[in-house]
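Step one of this worksheet: look at the structure below.
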Amino acid sequence: MEATVTTNDERAREGQAALEYYERGRAALNRTPDKQDETELALTAAAHFGDQQRDIPITVEVLRADREEAVTVFLDLISDLFHAADGAVPPRLLIDAVLAEETMTPADVTYTWSRLTPEARRYAAFLAAVGRAAAACHDVYVQDLLEEGRAVFEDEAEEERYKRLNSRRAGS
């Protein structure tokens, strides 16, 4: 089922709301979450996000059991996070930061994350947790998921830009 969000501003608000939901869950732990905690928090946030976007109920159990639905929810969430971060940090920098943890030495990871503003680190941390959740549930390759989410974001942004320009031309 398609998401009901239609404009990039709405997508950005949804992405921001999902990030804030995740961060509230982290804060409620009253301790520093480990990777397993972050994975569970990301699944809970993704289920909440998906449930807000779809006509069918989306739960953590649905995300764990239904690979197709889970990937759809994760892609929508990632795209919406890129919309929320638009103007603050480019998707490529966020993806590089997330993937750094998997492919780089600790010093290189520190350097990559140091290039991010505190606001951008929030998005990167959530994207990393979402990626881990997708991989844990369905052995999804995180880089492919992030790149596909970036492509969706770019297509949505370009489509809205095109419609806006086309509308201006038609009005001239």
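The values are calculated or read from the model by the stated rules, or taken from the named source; none is laboratory data. For clarity, every value in this text was computed on a predicted model and none was experimentally measured. Because the Cβ atoms are built from the backbone with ideal geometry, glycine has one as well, and the counts that use them run over all protein chains shown.
Below, the figures for the structure above:
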{"item": "For GLU61: the one exception among (1) of a type outside the set (Ser, Thr, Tyr); (2) modelled with pLDDT of 95 or more; (3) within 25 Å of ARG150 (Cβ to Cβ)", "result": "(3)"}
{"item": "Residue that is under 24 Å from ARG11 (Cβ atoms), surrounded by fewer than 20 Cβ atoms within 10 Å (Cβ to Cβ) and not aromatic (Phe, Trp, Tyr), where the choices are GLU102, GLU158", "result": "GLU158"}
{"item": "Unmet requirement for ARG64, which otherwise passes all of (1) surrounded by fewer than 16 Cβ atoms within 10 Å (Cβ to Cβ); (2) farther than 20 Å from GLN143 by Cα", "result": "(2)"}
{"item": "Matching residues in segment 24-35 - criterion: being within 16 Å of ALA128 (Cα to Cα), assigned to a helix (DSSP H, G or I) and without any contact (Cβ under 8 Å) to a residue 12 or more places away in the chain", "result": "none"}
{"item": "Selection within segment 13-34 - surrounded by 12 or more Cβ atoms within 10 Å (Cβ to Cβ) and not acidic (Asp, Glu)", "result": "ARG13, GLY15, GLN16, ALA17, ALA18, LEU19, TYR21, TYR22, GLY25, ARG26, LEU29, PRO33"}
{"item": "Test result for VAL5, out of contact with any Gly (no Cβ under 9 Å at 6 or more places or on another chain), of a type in the set (A, V, I, L, M) and modelled with pLDDT under 95", "result": "yes"}
{"item": "Qualifying residues in segment 131-172 (those that are part of a loop (DSSP other than H, G, I, E, B) and closer than 19 Å to ASP66 by Cα) - the one farthest from the chain's Cα centre (by Cα)", "result": "ASP139"}
{"item": "Search result, residues across segment 4-53 that are of a type in the set (Phe, Trp, Tyr) and more than 12 Å from the chain's Cα centre (by Cα)", "result": "TYR21"}
